[in-house]
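Take a look at the structure below.
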Amino acid sequence: GKRLVIDTILNRVDHSSFPNTIYDVIYQPNQFSCVWNERLDRTAATEEVCQLVREELVNRCNYEVLYFTADNYGKYGEHLFQVGNHYFCGE
């Protein structure tokens, strides 16, 4: 699941409809709840997450995901699949 969230961000950077930097994708208004509820500011990246990012930069697991939500599919994108309580969508 964590790798797919990383893929969502990287895929948005590569997509023409989203900003072209990781920072701008993450901080784009109303996109990630952990940004607008300020939880991100109280979080530190673990070595596990840093390693997953490195792995995804070398060998991305999924090039289709652009959106994800928790608990159910959101209103954007084509429903792709569910992992745990995260629901992933593409274009």
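The values are calculated or read from the model by the stated rules, or taken from the named source; none is laboratory data. Predicted, not measured: the structure shown is a model, and the values here were computed from it. Cβ atoms come from the backbone with ideal geometry, glycine included; neighbour counts cover every protein chain shown. When the accessible area is computed, the model is the full protein with side chains, heavy atoms only, and any ligands, DNA or RNA have been set aside. Shrake-Rupley method; radii C 1.70, N 1.55, O 1.52, S 1.80 Å.
Quick one: what pairs do we get from the range 65-87, first residue without any contact (Cβ under 8 Å) to a residue 12 or more places away in the chain, second open to solvent by less than 80 Å² (accessible area, probe 1.4 Å) and assigned to a strand (DSSP E or B), C-beta under 6 Å, 6+ apart or different chains?
Cβ pairs passing all conditions: H79/C89; F81/F88.
Which ones in the range 45-60 are farther than 22 Å from P19 by Cβ and part of a loop (DSSP other than H, G, I, E, B)?
T46, N59
How about the range 61-91: which of its residues are of a type in the set (S, T, N, Q) and either more than 17 Å from V25 (Cβ to Cβ) or open to solvent by 60 Å² or more (accessible area, probe 1.4 Å) (or both)?
Selection gives N72, Q82, N85.
Name the single residue that is nearest to I9 (Cα to Cα) among those in the range 61-76 being part of a loop (DSSP other than H, G, I, E, B) and at pLDDT below 95.
Step by step, filter the range 61-76, then rank; the result is C61.
Identify the single condition in (1) part of a helix (DSSP H, G or I); (2) loosely packed, with under 11 Cβ neighbours inside 10 Å that E38 does not satisfy, given that it satisfies every other one.
(1)
Please find, among S17, S33, the residue that is out of contact with any helix residue (DSSP H, G or I) (no Cβ under 8 Å at 6 or more places or on another chain) and open to solvent by 70 Å² or more (accessible area, probe 1.4 Å).
Being out of contact with any helix residue (DSSP H, G or I) (no Cβ under 8 Å at 6 or more places or on another chain) and open to solvent by 70 Å² or more (accessible area, probe 1.4 Å) holds for just one of S17, S33, which is S17.
Just one of the numbered conditions (1) exposed (fewer than 10 other Cβ atoms within 10 Å of the Cβ); (2) closer than 14 Å to R3 by Cβ is not true of A45; which one?
Just one mismatch for A45, condition (2).
Please indicate, with yes or no, whether at least one residue in the range 22-29 is touching a helix residue (DSSP H, G or I) at 6+ places or on another chain (Cβ under 7 Å) and either among the acidic types (D, E) or assigned to a loop (DSSP other than H, G, I, E, B) (or both).
Yes: one or more hits.
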